[in-house]
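The values are calculated or read from the model by the stated rules, or taken from the named source; none is laboratory data. Not measured: the values here are computed from a predicted model. Because the Cβ atoms are built from the backbone with ideal geometry, glycine has one as well, and the counts that use them run over all protein chains shown.
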Amino acid sequence: MKISVIGTGYVGLVTGTCLSEMGNDVVCVDVDKDKVEKLKKGILPIYETGLEEIVKRNYTEERLFFTTDIKKAVEDSLFIFITVETPPREEDGKANLDKVIAVSKSIGQYINNYKIIINKSTVPVGTGELVRNTIQNEIDNRINKNSLDKLEEVIEFDIVSNPEFLKEGTAVEDFMKPDRVVIGTDNVRVAELMKELYSPFVRNEHPIITMDVRSAEMTKYACNSFLATKISFINEMANLAELLGVDITNVRKGMAADSRIGYQFLFPGVGYGGACFPKDIKALNAMAKTVNYEAHILEAVEEVNKNQKKILSSKIVNYFSKKLNKPENTENLLKGITICVWGLSFKPNTDDMREAPSIIIINDLIKKGAKIRAFDPKAIITAKAILDSENIEYFENMYEALDGADVIALITEWTQFRRPDFEKIKKLLKTPVIFDGRNQYDPLAIKKLGFEYFCIGRQSNGKID
């Protein structure tokens with residue numbers, strides 16, 4: 001099948017590459033010439049497990065192409081995926097559809113025969129109609145300007161909503177073996193063509209679910225908002241558990257064993273981040289406001305998460321306040337204190353720093369006068385562009401980052417942090433103190449090793465006698 005994917009960000013690159021892996025001819029389009037040239041050389045703009053290998057393979061075998069020529073891509077393809085970013089607008093949290101509209105205009109300018117336009121970007125309910133109208137307006141303009149010579153029939157096209165459900169770190173696997181594929185269309189013939197396109201990916205008998213376009217658009221937001229709600233809920237329970245002398249780990253086990261609840265996204269920590277959950281909660285809440293509906297749960301989820309990102313830095317400030325015998329609001333309370341930070345990306349197996357809790361935590365600590373020694377397996381380059389401070393030093397080795405630091409703060413749960421050399425940690429730190437934002441370690445075992453240990457929702461403070 002002839003496919004074009006417009007936008008080579010996270011979703012677009014994974015989508016185009018995985019479709020080419022199944023033997024389709026896929027052209028990935030981007031306006032960024034430098035990015036396109038790097039992709040041709042196998043240099044990816046993102047880190048995603050397993051992606052680089054299949055990009056290089058399919059490009060070498062001439063099933064996957066990269067270009068800035070949107071005109072040729074549109075003319076040569078039956079399926080056209082829109083996969084551009086839709087970030088939240090600062091003023092109201094609504095999804096910014098400028099790039100979606102720009103792509104739609106280009107499609108309308110260059111469409112030459114029947115096409116299936118597939119919106120894979122996360123977009124508000126009603127965007128399908130907006131895309132349709134934008135494309136049709138461009139076609140009408142071409143007709144009015146007589147730029148369509150010898151037009152024998154009206155150019156037809158269909159709009160599909162096909163939301164993505166990719167988790168960063170496992171995006172390739174998620175695309176190749178999806179839990180389900182959601183297809184929003186009002187055309188039975190189009191639904192069958194989309195099913196044919198996705199048939200190689202659902203040989204495990206997982207469903208292809210068809211529905212109307214508007215329902216498909218909302219499904220994406222509803223899914224992400226529900227998962228974000230699970231995270232904020234367990235974080236709220238963790239904070240309460242800690243005050244009540246309860247171990248949230250035990251509570252979580254008791255909850256998650258209920259098949260109606262489950263284990264996924266039920267880990268207490270320092271809050272969620274990334275490209276999807278924060279913006280989708282904002283966008284769905286903004287949609288609610290447009291119809292005068294107060295979405296109390298969405299507002300609460302966002303507020304809990306905002307506060308949760310400050311939990312770890314608050315614990316660190318409280319610790320040094322007591323140690324130095326100074327009030328927590330003392331200006332430059334942490335002056336002369338060096339904190340080692342393990343983990344910068346918003347989650348493991350990605351270099352994505354968007355809305356990462358580490359940004360809030362590190363900035364809070366720096367404002368208090370602290371110096372930071374930071375390590376992350378993949379996100380250092382990304383972090384340097386966001387956390388531009390003379391008070392941060394970055395390291396390529398997790399143990400080098402520890403050397404001379406007063407305490408360590410674990411923020412992102414990379415697997416290499418699960419079983420570190422604790423004796424080495426003790427020797428490198430000035431004081432054996434761990435602030436664990438992801439509950440990676442057993443409090444009793446860590447205390448027996450001679451550490452002071454602070455985590456989330458557990459009775460973990462202080463040394464064992």
**OP:** Could you please tell me which pairs satisfy a Cβ distance under 7 Å, a separation of 6+ or placement on different chains, a first residue in region 359-379 that is over 25 Å from residue 326 (Cβ atoms), and a second residue that is among the aliphatic types (A, V, I, L, M) and in a strand (DSSP E or B)?
**Re:** 374/341; 374/392
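Tally up the residues in region 402-418 that are within 26 Å of the chain's Cα centre (by Cα) and either within 21 Å of residue 371 (Cα to Cα) or not β-branched (Val, Ile, Thr) (or both), please. Please lay out each step first, then the result.
Here is the first cut: in region 402-418, the ones within 26 Å of the chain's Cα centre (by Cα) are 408-418.
Still in the list and also either within 21 Å of residue 371 (Cα to Cα) or not β-branched (Val, Ile, Thr) (or both): 408-414, 416-418.
Counting residues in region 402-418 that are within 26 Å of the chain's Cα centre (by Cα) and either within 21 Å of residue 371 (Cα to Cα) or not β-branched (Val, Ile, Thr) (or both) gives 10.
From 297, 339, which residue is in contact (Cβ under 8 Å) with a residue 12 or more places away in the chain and assigned to a helix (DSSP H, G or I)?
Values: 339 fails: assigned to a helix (DSSP H, G or I).
Just one listed residue meets the conditions, 297.
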**OP:** Spot the failing condition for residue 200; the list is (1) farther than 27 Å from residue 53 by Cβ; (2) assigned by TED's automatic domain parsing to the domain that holds residue 132; (3) at pLDDT 95 or above, and only one is missed.
**Re:** (1)
**OP:** Scan region 301-351 for residues that are surrounded by 15 or more Cβ atoms within 10 Å (Cβ to Cβ), of a type in the set (Gly, Ala, Ser) and in contact with a Gly (Cβ under 9 Å, 6 or more places away or on another chain) and report the count.
**Re:** 2
Original post:
Could you say whether any residue in region 427-435 is buried (at least 20 other Cβ atoms within 10 Å of the Cβ) and closer than 22 Å to residue 305 by Cβ?
Top reply: yes
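Say we look at region 168-206 and pick out the residues that are in a helix (DSSP H, G or I), under 30 Å from residue 273 (Cα atoms) and not aromatic (Phe, Trp, Tyr); which of these is nearest to the chain's Cα centre (by Cα)? Steps first, please.
If we filter region 168-206 for residues that are in a helix (DSSP H, G or I), which is where we start, we get 171-176, 188-201.
Among the residues that remain, those that are also under 30 Å from residue 273 (Cα atoms) are: 171-176, 198, 201.
With not aromatic (Phe, Trp, Tyr) added as a condition, the list becomes 171-174, 176.
Details: 171: 10, 172: 14, 173: 15, 174: 14, 176: 18 Å.
The extreme case among them is 171.
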**OP:** Answer yes if at least one residue in region 315-336 is in contact (Cβ under 8 Å) with a residue 60 or more places away in the chain and more than 18 Å from residue 401 (Cβ to Cβ), and no otherwise.
**Re:** yes
Original post:
Picking from 25, 30, 69, 34, which residue would you name as being assigned by TED's automatic domain parsing to the domain that holds residue 196, touching a strand residue (DSSP E or B) at 6+ places or on another chain (Cβ under 6 Å) and among the acidic types (Asp, Glu)?
Top reply: 25
**OP:** Would you tally the residues in region 78-110 being surrounded by fewer than 23 Cβ atoms within 10 Å (Cβ to Cβ) and over 27 Å from residue 225 (Cα atoms)?
**Re:** 7
**OP:** Give just the number: which of (1) in a helix (DSSP H, G or I); (2) in contact (Cβ under 8 Å) with a residue 40 or more places away in the chain does residue 105 not satisfy?
**Re:** (2)
**OP:** Please work out which one of (1) in contact (Cβ under 8 Å) with a residue 40 or more places away in the chain; (2) touching a Phe, Trp or Tyr at 6+ places or on another chain (Cβ under 6 Å) is the condition residue 67 fails and give its number.
**Re:** (2)
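Among the residues of region 361-386, count how many are among the hydrophobic types (A, V, I, L, M, F, W, C) and either surrounded by fewer than 21 Cβ atoms within 10 Å (Cβ to Cβ) or closer than 19 Å to residue 416 by Cβ (or both). Don't jump to the end; show me each part of the working.
Within region 361-386, the subset among the hydrophobic types (A, V, I, L, M, F, W, C) is 361-362, 365-366, 370, 372, 374-375, 379-381, 383, 385-386.
Within this subset, residues satisfying the condition of being either surrounded by fewer than 21 Cβ atoms within 10 Å (Cβ to Cβ) or closer than 19 Å to residue 416 by Cβ (or both) are 366, 374-375, 379-381, 383, 385-386.
Qualifying residue count for the region: 9.
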Original post:
Restricting the search to region 46-73, which residues are at pLDDT 95 or above and over 17 Å from residue 19 (Cα atoms)?
Top reply: 68, 69, 70, 71, 72
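Here are 242, 217, 236: which of them is touching a Pro at 6+ places or on another chain (Cβ under 8 Å), of a type in the set (Asp, Glu), in a helix (DSSP H, G or I) and surrounded by 18 or more Cβ atoms within 10 Å (Cβ to Cβ)? Show your work before the answer.
Working: 242 fails: touching a Pro at 6+ places or on another chain (Cβ under 8 Å); 236 fails: touching a Pro at 6+ places or on another chain (Cβ under 8 Å).
None of the others qualify; the one that does is 217.
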**OP:** Sort out which residues of region 12-39 are in a helix (DSSP H, G or I) and aliphatic (A, V, I, L, M), and write them in order of number.
**Re:** 13, 14, 19, 36, 39
